[in-house]
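Right, one structure below, let's go through it.
What follows draws every value from the coordinates through simple rules; no lab data is involved. Just so you know, these numbers come straight off a predicted model, no measurement behind them. In this analysis, Cβ positions are derived from the backbone assuming ideal geometry, glycine residues included, and neighbour counts consider all displayed protein chains.
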Amino acid sequence: MAFRCQRDSYAREFTTTVVSCLPGELQIEGSNGKKDVLSGFHVVLEDTLLFPEGGGQPDDHGTINDISVLRVTRRGAQADHFTQTPLAPGTKVQVRVDWERRFDHMQQHSGQHLITAVADQLFGWKTTSWELGRVRSVVELDSPSVTAEQVAAIEQSVNEKIRARLPVNVRELSLDDPEVEQVRGRGLPDDHAGPVRVVTIESVDANMCCGTHVIKILGIEKGKKNKTNLAFLAGNRVLKWLERSHGSEKALTTLLKCGAEDHVEAVKKLQNSTKLLQKNNLNLLRDLAVHVAHSLRNSPDWGGVVTLHRKEGDSEFMNIIANEIGSEEILLFLTVGDEKGAGLFLLAGPAEAVETLGPRVAEVLEGKGAGKKGRFQGKATRMSRRAEVQALLQDYLSTQSAEE
């Protein structure tokens with residue numbers, strides 16, 4: 001027997017009876033991304049309005065006597081409703097479905113059936129799987145590539161059939177009915193019980209399906225093992241997508257100070273200006289690095305350990321300074337970034353000293369790096385410990401001098 005939600009997909013509430021209520025657990029994703037386990041009860045009803053997940057369609061949300069149902073799963077001919085409040089067997093209960101979620105799933109599922117049938121009719125592509133996502137849905141087609149023209153043809157045909165208001169009919173066939181063999185499907189679950197439910201879109205498709213039924217195709221993506229994923233929206237999701245797109249368009253109009261038809265050109269101009277500014281900044285930074293290097297060499301404090309920190313800069317800035325100084329007579333310790341937070345560092349000097357000190361500098365700064373030929377550089381998380389690094393370098397030189 002099909003569930004009430006499958007016999008009447010538009011029903012929003014009805015009364016039934018509790019058959020059993022057993023303790024159980026539900027694994028959910030916590031706020032920290034880890035799995036949490038909830039304790040509760042698995043409730044079985046004589047019949048249910050809440051669809052148990054299956055056939056690519058997520059389960060319904062809803063209530064039993066105003067008690068939230070957190071998950072609905074199928075077990076053979078039964079549906080398990082997970083609640084955190086027990087319900088006594090034999091009790092008459094009122095079941096209500098979250099209609100907004102249900103209707104969205106109906107639209108996406110029916111859209112998948114249409115796309116699958118049309119892709120097969122037009123190009124002979126079989127659907128190997130599909131996913132009903134939170135924002136968009138994806139049909140996996142058994143084809144290594146799909147052209148933009150083929151996508152447009154599928155979308156045009158699908159929307160013509162939607163505008164034609166083709167009837168969608170649901171029938172139940174016994175397993176031994178010869179017609180079952182003629183119906184498209186990917187096979188029945190191992191624990192299937194009862195008749196086979198067949199959903200037919202008139203003159204388009206007949207398919208085995210357990211889902212609750214009623215398009216903009218977003219594009220194609222490379223799938224796995226010579227498959228192609230086709231992403232789509234159906235029903236109210238198209239309206240929501242248009243609403244979000246219109247909101248973005250209005251925001252861009254304000255930011256770019258031009259009409260929507262000029263957005264692309266305005267962004268291209270901004271990108272070109274940004275590239276030019278970045279190039280000019282890079283040239284200025286290089287010039288500054290050369291100037292800084294000369295200033296350090298001409299400083300009265302030249303010798304021993306030479307340090308420099310700048311908030312602005314990058315690895316190239318530090319390497320230019322090291323190249324310009326080009327001396328192995330000193331230990332040069334350069335840093336860029338947040339004075340108390342994260343940044344980059346470079347240690348240059350005699351190869352043997354740098355090889356010994358580099359990993360220790362990274363450890364003090366709580367970072368990591370690598371080096372060769374008299375240089376060691378990397379990333380650090382504790383720039384506030386630069387003074388400790390300077391003391392470490394000074395101690396090293398003092399020890400070397402004492403040994404000599």
Among Val238, Leu141, Ser68, which residue has its Cα positioned farthest towards the positive end of the charge dipole of the chain, with +1 placed on the Cβ of Lys and Arg, -1 on the Cβ of Asp and Glu, and the dipole taken about the Cα centre? Val238
Lys/Arg Cβ at +1, Asp/Glu Cβ at -1, dipole of the range 289-403 taken about the Cα centre: which of Asn319, Ser401, Thr307 is farthest positive-ward? Asn319
I'm checking a number: the convex hull volume of the Cα atoms of the chain, normalised per residue, in Å³. What is it? 243 Å³
With a ≥ b ≥ c from the Cα gyration tensor eigenvalues, square-rooted, and the rule rounded for a/c under 1.5, otherwise prolate when a/b > b/c and oblate otherwise, the range 85-168 is prolate
Cα-centre dipole for the chain with unit charges at Cβ (Lys and Arg positive, Asp and Glu negative), debye to 20: 760 debye
Give the percent of DSSP beta bridges with both residues in the range 289-403 that are antiparallel, rounded to the nearest 5. 75 percent
Between Ile162 and Lys379, what FRET efficiency comes out of the Förster formula 1/(1 + (r/R0)^6) with R0 = 51 Å and r the beta carbon distance, rounded to 0.05? 0.40
For the range 4-97, projected area of the alpha-carbon convex hull averaged over all directions, nm²: 6.3 nm²
Extent along principal axes [Cα atoms of the range 289-403; Å; largest to smallest]: 36, 30, 25
Of Gln108, Ala353, Gln27, farthest towards positive along the dipole that unit charges on Lys, Arg, Asp, Glu beta carbons give the chain: Gln108
Highest mean packing first, using Cβ neighbours within 10 angstrom, the peptides 134-147, 267-280 sort as 134-147, 267-280
Which lysines, on any chain, are close to Lys257 with Cα under 27 Å apart, when same-chain ones fewer than 8 places away are left out? Lys240, Lys268, Lys269, Lys275, Lys279
Asp47's amide H: which non-local residues (gap 5+, or another chain) put their own amide H closer than 5 Å, with H modeled 1.01 Å from N in plane and none for Pro or chain starts? Thr17
Would you order Tyr10, Tyr396 from fewest to most other beta-carbon atoms within 10 Å of each residue's own beta-carbon? Tyr10, Tyr396
Apply 1/(1 + (r/R0)^6) to the Cβ-Cβ distance of Val37 and Asp98, taking R0 = 22 Å, and write down the FRET efficiency to the nearest 0.05. 0.40
